[in-house]
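Below is one structure, written out as structure tokens, with a few remarks after it.
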Amino acid sequence: MGTFQNGLFGGFKGRIGNLVGYELNGKNVIRTIGHSNKPLSPARKINCDRMTIVNHFLRPIKTFIKSGFRLKVVGTDRNFYNEAVSYNKKHAVSGEFPNAQLDYPKVMLSMGTLLKAEKPQIQLIGTEIEFSWEVPADLPWRNRTDRAMVLLYWPDQHQHTHCLSGSHRMDGKHRIQIAPDLANQRVEAYISFISDDATEISDSVYAGSIAKQEQKSVPALEIADSSTKRVKTIKKHLLPKVNPVINTKTVAKLKLNTPINTKNKPDIPPFKPKKASPEYLE
């Protein structure tokens, strides 16, 4: 149901039939809506596919987009979100239908005239990701207090985190905490700068990507082998030391020199040599 504003000839808000009225940037806008039964042409299929890809990425980060494109549409009839969709649909989608996909390094999340981040990069430190950038020696004084706007996006999990007012430009780095379960997942990163009074903003810059880090597991065979070697080593240390092999002469000497305990000496009959046979004596 629509409601008229400023009388019958003024604008209206809401829906009346196939007309929708709403206010955009202080102006009353009326548009028609409807459903077409005509089959989509190849060109419309491509456009719809690109719209779906871009909206899938931008809609969850609408808060960041609002800050990034708000100044771009000031004084116009355009909407900040539509402006972002329009740019990225044209410049940040690669490939042909139906295999088109988002080209992350070409994505733009903010547009403005402020100095961009120079040579940004990221690195994973525990459960934090550190953004770093180059601070020129001749950096203008008025830009030293610009604030970093950073965004991280995990494509496989379709999750994101961002900071709209981070470290100063002169600090050269900013860290952002992430969930532990996302620490080893693929992530895409972006950085912008916004002035301290939020009256200027820079174009966003792609800060790089961290690939998914697979946790390497030791094969079962290697584990078994290493355990066996360890057991053998332990047994070797526990076994008593054995003297080297002794030759027969040494054994004989040992036996001769070994004292005999007469108390426990067994009863051995005396040795009686046999009498020689007569044949042998002849």
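The values are calculated or read from the model by the stated rules, or taken from the named source; none is laboratory data. Computed from a prediction, not measured in an experiment: that's the story for all the values here. Glycine gets a Cβ as well: all are built from the backbone with ideal geometry, and neighbour counts include every protein chain shown.
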| Within the set of pairs 6 or more residues apart or between chains, which connect a residue that is over 14 Å from TYR87 (Cα atoms) inside region 98-115 to a residue that is in a loop (DSSP other than H, G, I, E, B) with Cβ atoms less than 7 Å apart? | GLN101/GLY95; THR113/GLU200; LEU114/ASP146; LEU114/SER195; LEU114/GLU200
| field | So THR161, is it outside any strand (DSSP E or B) and of a type outside the set (Lys, Arg) | value | no
| field | Test: GLN123 is surrounded by fewer than 18 Cβ atoms within 10 Å (Cβ to Cβ) and part of a strand (DSSP E or B) | value | yes
| request: Working carefully through the options PHE64, PHE69, find the one that is in contact (Cβ under 8 Å) with a residue 60 or more places away in the chain, surrounded by 18 or more Cβ atoms within 10 Å (Cβ to Cβ) and under 18 Å from TYR206 (Cα atoms). | output: PHE64
| query | Can LEU152 be described as modelled with pLDDT of 95 or more, assigned to a strand (DSSP E or B), surrounded by fewer than 16 Cβ atoms within 10 Å (Cβ to Cβ) and within 10 Å of the chain's Cα centre (by Cα)? | reply | no
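Every residue, every condition in (1) among the charged types (D, E, K, R); (2) within 21 Å of the chain's Cα centre (by Cα), yes or no:
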site	(1), (2)
SER110	no, no
LEU115	no, no
PRO120	no, yes
GLN123	no, yes
GLU128	yes, yes
SER132	no, yes
VAL135	no, no
ARG142	yes, no
ASP146	yes, no
| message | Quick check on ASP196: is it assigned to a loop (DSSP other than H, G, I, E, B) and under 28 Å from TYR87 (Cα atoms)? | response | yes
| said: Would you confirm, using the coordinates I've provided, whether LEU109 is touching a Leu at 6+ places or on another chain (Cβ under 7 Å) and outside any helix (DSSP H, G or I)? | reply: yes
